[in-house]
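Bear in mind that the values in this text are calculations on the coordinates, not laboratory data. Just so it is clear, the structure is predicted and the values come from calculations on it, not from any experiment. Glycine also receives a Cβ, built like all others from the backbone with ideal geometry; neighbour counts cover every protein chain displayed.
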């Protein structure tokens with residue numbers, strides 16, 4: 001997931017970085033680092049993000 005995609009999802013869900021962090025049980029700085037491209041994310045984190053913003057995460061190999 002590209003950093004700008006996370007920011008876009010978060011903003012569409014009308015969540016601040018702090019609110020998203022609270023829903024995910026992580027620190028706001030973690031969200032900031034993901035959005036700035038400084039932090040790599042695991043698939044588990046992607047699922048947490050999707051759940052927090054009310055979206056379904058699907059992972060497929062092509």
Condition (residue is surrounded by 15 or more Cβ atoms within 10 Å (Cβ to Cβ), part of a helix (DSSP H, G or I) and either without any contact (Cβ under 8 Å) to a residue 12 or more places away in the chain or touching a strand residue (DSSP E or B) at 6+ places or on another chain (Cβ under 7 Å) (or both)) applied to segment 1-18: is it met by at least one residue? no
Free of Cβ contacts under 8 Å to residues at least 24 places away in the same chain and within 11 Å of the chain's Cα centre (by Cα), is that true of residue 52? no
A careful count of residues in segment 15-49 that are over 10 Å from the mean Cα position of the chain (by Cα) and over 12 Å from residue 3 (Cα atoms) gives 14
Identify, by number, the condition in (1) surrounded by 14 or more Cβ atoms within 10 Å (Cβ to Cβ); (2) in a helix (DSSP H, G or I) that residue 39 doesn't meet. (2)
